[in-house]
1. Take the residues in region 137-154 that are outside any strand (DSSP E or B) and surrounded by fewer than 17 Cβ atoms within 10 Å (Cβ to Cβ), then tell me which one is modelled with the lowest pLDDT.
2. I need the full set of residues from region 21-55 which are more than 22 Å from residue 125 (Cα to Cα) and surrounded by 14 or more Cβ atoms within 10 Å (Cβ to Cβ), in order please.
3. Hey, residue 67 hits all of (1) closer than 29 Å to residue 21 by Cα; (2) modelled with pLDDT under 95 but one; which does it fall short on?
4. So, residue 98, is that one under 17 Å from residue 127 (Cα atoms) and touching a residue at least 24 places away in the same chain (Cβ under 8 Å) or not?
5. Can you tell me which residue in region 70-87 is farthest from residue 4 (Cα to Cα), limited to those that are surrounded by 14 or more Cβ atoms within 10 Å (Cβ to Cβ) and touching a strand residue (DSSP E or B) at 6+ places or on another chain (Cβ under 9 Å)?
6. What residue, of 104, 71, is free of Cβ contacts under 8 Å to residues at least 40 places away in the same chain, part of a helix (DSSP H, G or I) and closer than 21 Å to residue 9 by Cβ?
7. Restricting to region 107-134, name every residue that is out of contact with any helix residue (DSSP H, G or I) (no Cβ under 7 Å at 6 or more places or on another chain), in contact (Cβ under 8 Å) with a residue 12 or more places away in the chain and assigned to a loop (DSSP other than H, G, I, E, B).
8. Within region 113-128, can one find any residue that is within 29 Å of residue 35 (Cβ to Cβ), more than 14 Å from the chain's Cα centre (by Cα) and surrounded by 13 or more Cβ atoms within 10 Å (Cβ to Cβ)?
């Protein structure tokens, strides 16, 4: 695991992924290339989360999950508005997303959801199976905000 801010890390990964994706698309077709990229990103998100969970001081839980959120918001990457934060809920809206802006600037708007948004639910699975994410919309998908609703099941 790296100590780079996530936005910087995603920028580096996206440059590499773009080249690999274009080659897969030329060889295998767009549908197969998108499926392979999606599967790889989801798998990496689960693995990264499992590693982060191991370093949680008291084991993975909602408090330790909340504590790692600054990695995703570093470099003003996300502007969020907390809707609810309790012992079992962490609900917030993302009202500005530099990840989406970055992917668009890199010519990767059509892959942004695969490269970033798809990670969120998979991250929960790898971090703690009791942590569940519900999200009905994203800025990447054209909505006015992303509605992250994390719930921790006892």
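The values are calculated or read from the model by the stated rules, or taken from the named source; none is laboratory data. Source: prediction; values computed, not measured. Backbone-built Cβ (ideal geometry, glycine too); neighbour counts: all protein chains shown.
1. 154
2. Passing the criteria: 21, 24, 25, 33.
3. (1)
4. no
5. 80
6. 104
7. Across region 107-134, the qualifying residues are 107, 130.
8. yes
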